[in-house]
Amino acid sequence: MGELLNLVGLSAGVVLYAMLLVMVVRVGRAPSGQRRVDPLLLLTSVLGLVWNLCALPAYELPKVGVEGPIPFLTAVGLSALGFLPAVVVHSVLRGEREGVRGTLRRSLATVAYLVSALAAVLHLACALAGRPVPSALGMQLLTYSFIAMVAPLAAVTRGQPGSRRALWAAALAIFAVSALHLGQLHQGDSSWPVELLGHHASLPLALAILYQDYPFAFADLFLKRALALLAIVAVAFGGVAVFEAQSGFFVDAARLNPRQVGLLVTLCVATALVYPSLRRVTAWFVDRIVLDRPNYPSLRADILRRLQHQDDVPTLLGDICVALTPALSSTGVTWRERPQVAADDGDTPVIVSGNRATVMVPTADAPRFAIEIDNLTGGRRFLSGDVATLDTIAVAVARRIDAIRLTRERYERESREQEIGKLASEAELRALRAQVNPHFLFNALTTIGYLIQTSPPRALHTLMRLTALLRAVLRSEGEFTTLGRELEVVESYLDIERERFEQRLRVTIDVPGRLRHVRVPPLVVQPLVENAVKHGIAPRRLGGDVFVQATIDESDASGRQLSIVIRDTGAGASAEALARGRETGVGLRNVERRLACQYGQAASLSIRSVADEGTTVEIRLPVSFKATEVSGTDRVAV
């Protein structure tokens, strides 16, 4: 029984430590800058694996007559085993992975590694000298040294939870007993509890290290698999123990050839370990080859991929039906709109009736839909895997339909808001343009009234000019006119004002000929020229000059800009008077509001005024006019 326990136990140890090594390396390679291979865990897995790999042939091969470098294997394996308690001490001393700090802690860690190294040297020396391995002195050194370390370790780790302290203390005690057993040169056939305690002390040591540093990862990733393996081994040993006590034939077989019994138990454990893989392979063969069932993960992935490429609900449902028809071996899969009922939320997701099924699509809002699956061919019936997959697909389809509806509703709401804003802007523009016409008319009629009193012939001439001007102003040209036509209105207005101011009013218009074709909002220049005449030139006894200039600015970061500057050398205004005029005046406020409605932040109107020196007003508008077409300059003196 002891030999059988050694054979199966050491084999299980190889598997467990190999699993631990794979886990440590895999975590270290995870795509995260915070993750790296923990040297203590890596050392634990390598030492444990070396011990079990060396002990398995070292103890079992000589029993079947195989000669080889058994002493050297034994020395290497025991050296690896001797370093495991030092790693436990190191893990205990570093606590929550902040490192070993403090003179006492460093001293204990150093002593632990020195003891393990000295024992390893003694084992290897015995192997080289041909003496029995392991070294009895080396094993005694390990036993008494690590038993003596339990008390100082407990003193420096007072803040640790009691469960962790109990675990590493028990692990060191078990190792000490194991070292004593192995130091007796493994003489005789000990009972199976002694063999279990003597040869497999590395397992508690590994558990102590893992629980010390990675309690959650240890329990979730490693302990589940390890306990499953140990449970299989325990069941195998339980079966051997029962048959050994109840069957004389089994007792005779175990007495005559115990190694074959051990091999039989090992094969039973191996079969239990590979059973899940065998079951998956056979299930794949039956589902895919015999029954021709769909690959459910691939089907779900294909459905999800199709969902992401559809933005129209009918097209989406039709595409899903096309994908489900061959996958389910159905004569046809269709969709329909479900009638509105009061208890939609309580509907069964998949309703199966014979070889037909109805899949409810649980969308958040009506209208809701259902996918109808007609007769399945080849005598096929709906199985639990089919129903679960259809349920998952129905939920995914419903979420995609909800997302499409939400996106469409948001788009329609934004479109409505934009349309409302556009209509409001157009209404405001019409009101503002209607405001300009009577304002200009009243000022022109005031001038004519003055001329009737002072010069009736000139009044008649001015009235005829006003008639022509009103025809141009009232002519409907939509939202835009050209800069040339806007200047025609300005020039007609200035002709009327010259009848009043005569030589006191001097105007220069400097606009390149090609710029006269640029589209601008109507009546944005004339009110500014009118303000220059009314508030700048009229108050001064000697009058003044008015300049109108238009240029293209290519250096603006927002794009090509049309700059229209109206400058006068009139009375000017202080900052307070200018602010008050912009607030209460009709012309400036009207132009600013129309520019804001038409262009938003892309257009601007700026004013610079200095008392007794004059005022400069600049309008900047975005244009798509080609700068290469701008050539020549038209200067008009009025």
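The values are calculated or read from the model by the stated rules, or taken from the named source; none is laboratory data. Remember, predicted model here, so these are calculated numbers, not experimental data. With ideal geometry, Cβ positions are generated from the backbone for all residues, glycine too; neighbour counts draw on all protein chains shown.
Applying the condition of being among the aliphatic types (A, V, I, L, M) and part of a helix (DSSP H, G or I) to segment 590-614 and asking which residue is farthest from residue 531 (Cα to Cα) yields 602.
On inspection, residue 92 passes the criterion of being at pLDDT below 80, assigned to a helix (DSSP H, G or I) and among the aliphatic types (A, V, I, L, M). A single entry from 112, 120, 125 fulfils the requirement of being surrounded by fewer than 18 Cβ atoms within 10 Å (Cβ to Cβ) and part of a helix (DSSP H, G or I): 125.
Residue pairs whose Cβ atoms lie under 6 Å apart, sitting 6 or more positions apart in sequence or on different chains, and linking a residue in segment 516-540 that is more than 21 Å from residue 552 (Cβ to Cβ) to a partner that is of a type in the set (Phe, Trp, Tyr), are 526/493.
Tell me which residues, restricted to segment 558-597, are of a type in the set (A, V, I, L, M), over 19 Å from residue 536 (Cβ atoms) and surrounded by fewer than 17 Cβ atoms within 10 Å (Cβ to Cβ).
Start the filter on segment 558-597 by keeping residues that are of a type in the set (A, V, I, L, M), which leaves 562, 564-566, 571, 573, 575, 577-579, 586, 588, 591, 595-596.
Those still in the list that are over 19 Å from residue 536 (Cβ atoms) too: 562, 595-596.
The answer is 596, and nothing else.
Residue by residue through segment 598-609, note down the ones that are under 17 Å from residue 577 (Cα atoms) and either modelled with pLDDT under 90 or surrounded by 14 or more Cβ atoms within 10 Å (Cβ to Cβ) (or both). Spell out the reasoning first.
Narrowing segment 598-609 to residues under 17 Å from residue 577 (Cα atoms): 606-609.
Hits for segment 598-609 are 607, 609.
Select from segment 527-539 the residues that are touching a helix residue (DSSP H, G or I) at 6+ places or on another chain (Cβ under 8 Å) and not β-branched (Val, Ile, Thr) and list them in ascending order.
Here is the first cut: in segment 527-539, the residues touching a helix residue (DSSP H, G or I) at 6+ places or on another chain (Cβ under 8 Å) are 527-531, 533-535, 537-538.
Within segment 527-539, 527, 528, 530, 531, 534, 535, 538 qualify.
Scanning segment 317-373 for residues that are in contact with a Ser or Thr (Cβ under 6 Å, 6 or more places away or on another chain), more than 13 Å from residue 393 (Cα to Cα) and modelled with pLDDT of 90 or more gives 333, 372, 373.
Could you look through segment 371-415, keep only residues that are among the basic types (Lys, Arg) and surrounded by fewer than 12 Cβ atoms within 10 Å (Cβ to Cβ), and pick out the one that is farthest from residue 317 (Cα to Cα)?
Pass one, segment 371-415, residues among the basic types (Lys, Arg): 380-381, 399-400, 405, 408, 410, 413.
Of the ones still in play, those that are also surrounded by fewer than 12 Cβ atoms within 10 Å (Cβ to Cβ) are 381, 410, 413.
Details: 381: 23, 410: 22, 413: 25 Å.
Among those residues, the one meeting the criterion is 413.
Residues of segment 371-419 that are part of a helix (DSSP H, G or I), of a type in the set (Asp, Glu), in contact with a strand residue (DSSP E or B) (Cβ under 9 Å, 6 or more places away or on another chain) and under 22 Å from residue 339 (Cβ atoms): 391 alone.
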